[in-house]
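> Once you've had a glance at the structure underneath, I'll fire off some questions.
The values are calculated or read from the model by the stated rules, or taken from the named source; none is laboratory data. In this text the structure is predicted, and so the values were computed from the model without any measurement. In this analysis, Cβ positions are derived from the backbone assuming ideal geometry, glycine residues included, and neighbour counts consider all displayed protein chains. SASA here: full protein model, heavy atoms, side chains in, ligands and nucleic acids out. Shrake-Rupley method; radii C 1.70, N 1.55, O 1.52, S 1.80 Å.
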Amino acid sequence: MATQNSPLLELKDVGHSYVLDSGQKLKVIQDISLSLMPHESLVVLGPSGSGKSTLLRILAGLIEPTQGDAYLRGKPLESTNPEVAMVFQHSALLPWFNVQENISMGLRSQRLPESEVRERVKRAIDLVGLEGFEEAYPRELSGGMKQRVGLARAIVMERPILCLDEPFSALDVLAAEGLRKEVLNLWLSRKTSIESLVLITHNIIEAASIGSRILVLGSSPGQIKISFKNDLPYPRDERSAAFKSLVDDIHDVITEAIIPDTPEWVPPALSANITEAVPPVPLNEMIGLLEIISGQGGKAEAFTLAQKLMKDSVQILLMAKAAELLDLVDTPKNAIILTDMGRRFVASDINGRKKMFHEQLRHLKVTKLLERLLESQEELTLSWDDCIQSIQEWLPNENPEQVLDTLITWGRYGEVFGYNDDTKMVYLDRGQEVS
């Protein structure tokens with residue numbers, strides 16, 4: 001049995017790689033060591049692609065790390081973790097079961113007496129505020145109510161560790177805020193068997209509100225950048241100076257991880273060979289960000305902008321990174337400032353924007369490599385799978401499917417690349433010259 005000073009869960013030098021269809025390995029996390037202590041709320045915070053969900057699945061015993069070891073109460077974790085209950089980003093309810101039946105699913109396999117199943121389900125329904133919805137089916141429920149069912153399904157298992165994989169990210173702002181507070185209150189109340197929490201998120205305020213310890217991950221591959229101990233008393237006042245100071249400190253670390261002021265030094269002889277990763281940012285969102293910044297005089301502070309738009313600050317930073325790659329913004333410290341190119345882009349009509357985007361996109365090393373690859377083919381086309389294999393070689397620490405999907409989306413707008421989904425072929429856009 002774990003004592004107050006011994007960990008419930010522990011990872012030592014853990015790394016994990018996925019094998020892609022091409023046979024290449026994609027390393028998503030490396031050299032991660034952490035522990036979960038009794039009565040602790042551990043938050044893992046990081047941008048998309050930093051391996052947060054992979055890390056959680058290793059803690060839950062759903063996947064085995066390809067490097068390092070996982071331990072449960074000091075003993076090697078060799079299969080599914082029997083002390084973990086999970087709440088996922090999407091509730092994954094069975095549509096043909098009602099609320100009561102969905103909650104009792106996990107208990108049925110334990111062959112418990114029917115009276116105990118009914119009692120535990122009733123208690124879980126009461127704790128998460130689902131009374132009156134017992135006979136409702138998932139199609140009748142809002143997103144927030146579905147997540148309550150997912151939470152009740154975890155509570156009913158009566159396990160000491162609750163793992164939550166971005167459980168509020170798919171909800172609207174008000175629903176997310178309400179459910180977040182209820183999860184925290186359930187843990188603090190000690191009315192359930194939940195002893196410790198592990199929360200995966202990319203929301204800084206969420207991390208500061210819930211976590212007693214906050215780990216910030218960098219990406220490509222995911223590694224722990226810093227650990228914050230958070231001793232602020234619950235419930236936390238988001239308006240307090242101490243809370244705002246913690247949020248600012250976390251934000252600075254995340255900003256430096258995504259858009260560093262001082263890029264890692266590379267010998268000049270090697271710098272020409274560096275291939276930049278493209279953030280998986282929807283093009284319309286990046287353009288929308290440029291227009292908003294233009295409306296604020298050409299300059300905005302990333303975290304303030306995220307709060308104003310009610311978006312996660314990590315998403316804003318990724319959009320800024322994408323725009324910076326194309327020389328549309330500069331990002332000193334936490335500021336996002338339109339460059340002269342960015343100002344001209346915003347002021348242009350659609351054809352002017354497409355021409356500028358075409359020119360800027362073709363400056364990227366990864367674009368040049370893909371263009372060269374396609375030009376080497378007789379018909380200027382190559383299969384999706386062959387492109388994926390090449391991107392894996394150029395960017396071994398990135399998700400090649402995500403990179404190619406982003407390149408095609410950007411490339412269509414800039415009339416550089418095209419893609420035929422029927423034939424699964426990527427091609428150079430030579431149908432209409434951009435003049």
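> For segment 237-254, just list the computed ³J(HN,Hα) in residue order, Karplus coefficients 6.51, -1.76 and 1.60, θ = phi - 60°, integers in Hz, with x standing in for Gly and Pro.
Result, ordered by residue: 8, 5, 8, 6, 5, 5, 5, 5, 5, 4, 4, 4, 5, 5, 4, 4, 5, 4 Hz.
> Assigning unit charges at the beta carbon (Lys, Arg +1; Asp, Glu -1) and nothing else, what dipole magnitude in debye, to the nearest 20, does the chain show about its Cα centre?
Its charge dipole is roughly 1020 debye.
> Looking at Ser376, Asn397, Leu428, which one has the Cα that reaches farthest to the positive end of the dipole of segment 358-435 (charges on Cβ: Lys, Arg +1; Asp, Glu -1)?
Looking along the dipole axis, the top candidate is Asn397.
> Excluding Glu195 itself, what net charge comes from residues whose Cβ is under 12 Å from its Cβ, given Lys and Arg +1 and Asp and Glu -1? Don't jump to the answer; show the numbers that get you there.
Working: positive: Arg73, Arg159, Arg190; negative: Glu40, Glu83, Glu158.
Here the count lands on 0.
> Hey, what did segment 321-360 get for relative contact order, percent, Cα under 8 Å, at least 6 apart?
After rounding, I find 30 percent.
> Per residue of segment 134-146, what does 6.51 cos²θ - 1.76 cosθ + 1.60 with θ = phi - 60° give for ³J(HN,Hα)? Whole Hz please, x for Gly and Pro, Karplus curve as stated.
4, 9, 6, 9, x, 5, 8, 9, 6, x, x, 5, 4
> Another question, then. What number comes out for accessible area per residue over the chain if the probe is 1.4 Å? Units Å², please.
I get 48 Å² per residue for this part.
> Something else about it: Please compute the contact order of the chain in relative form: average sequence separation of alpha-carbon pairs under 8 Å and at least six residues apart, divided by the residue count, as a percent.
15 percent
> Compute log10 of I(q)/I(0) for segment 351-435 with the Debye formula, placing one identical point scatterer on every Cα and leaving out solvent, at q = 0.16, 0.23 Å⁻¹, to two decimals.
Results for segment 351-435 at q = 0.16, 0.23 Å⁻¹ read -0.57, -1.17.
> In whole Hz, what ³J(HN,Hα) sequence does segment 109-126 give by Karplus (6.51, -1.76, 1.60; θ = phi - 60°), x for Gly and Pro?
Ordered by residue, 3J(HN,Hα) equals 6, 8, 6, 7, x, 4, 5, 6, 4, 4, 5, 5, 5, 4, 5, 5, 4, 5 Hz.
> Which label belongs to the value computed from this structure, given these candidates for Rg and Dmax of the Cα atoms in Å: [x] 23.9, 75; [y] 21.8, 64; [z] 25.3, 85?
[x]
> Residues in segment 401-415, backbone N under 19 Å from the label point at Lys354 (7 Å along the Cα-to-beta-carbon vector): list them, ranges by number please.
Only 407-415 pass the distance filter.
> How big is the antiparallel share of DSSP beta bridges in segment 143-233, given as a percent to the nearest 5?
So the antiparallel bridges in segment 143-233 amount to around 55 percent.
> What part of the accessible area of the chain, given as a whole %, is carbon or sulfur when the probe is 1.4 angstrom?
49 percent
> Just how large is the dipole of segment 27-74 about the Cα centre, in debye to the nearest 20, putting +1 at every Lys and Arg Cβ and -1 at every Asp and Glu Cβ?
Dipole about the Cα centre, nearest 20: 120 debye.
> Then there is this: Relative contact order for segment 1-112: what percent, with Cα pairs under 8 Å and sequence separation of 6 or more?
The normalised contact order for segment 1-112 reaches 27 percent.
> Binned at 5 Å from 0, what are the whole-percent values of the Cα-Cα distance distribution for segment 302-422, short to long?
Result, from short to long distances: 2, 10, 17, 20, 18, 16, 11, 5, 2, 0, 0 percent.
> Let me ask something else. About the Cα centre of segment 43-195, what is the dipole size in debye to 20, counting +1 per Lys and Arg Cβ and -1 per Asp and Glu Cβ, all else neutral?
Dipole magnitude for segment 43-195 comes out near 200 debye.
> Take the alpha carbon gyration tensor of segment 81-206, find the square roots of its eigenvalues, order them as a ≥ b ≥ c, and report rounded if a/c is under 1.5; if not, report prolate when a/b exceeds b/c, else oblate.
oblate
> May I have the convex hull volume per residue, in Å³, for the Cα set of segment 346-387?
It comes to 94 Å³ per residue, whole-number rounded.
> Going by Cα centres, segment 280-349 and segment 101-165 are how many Å apart?
Distance between centres, Cα-based: 42 Å.
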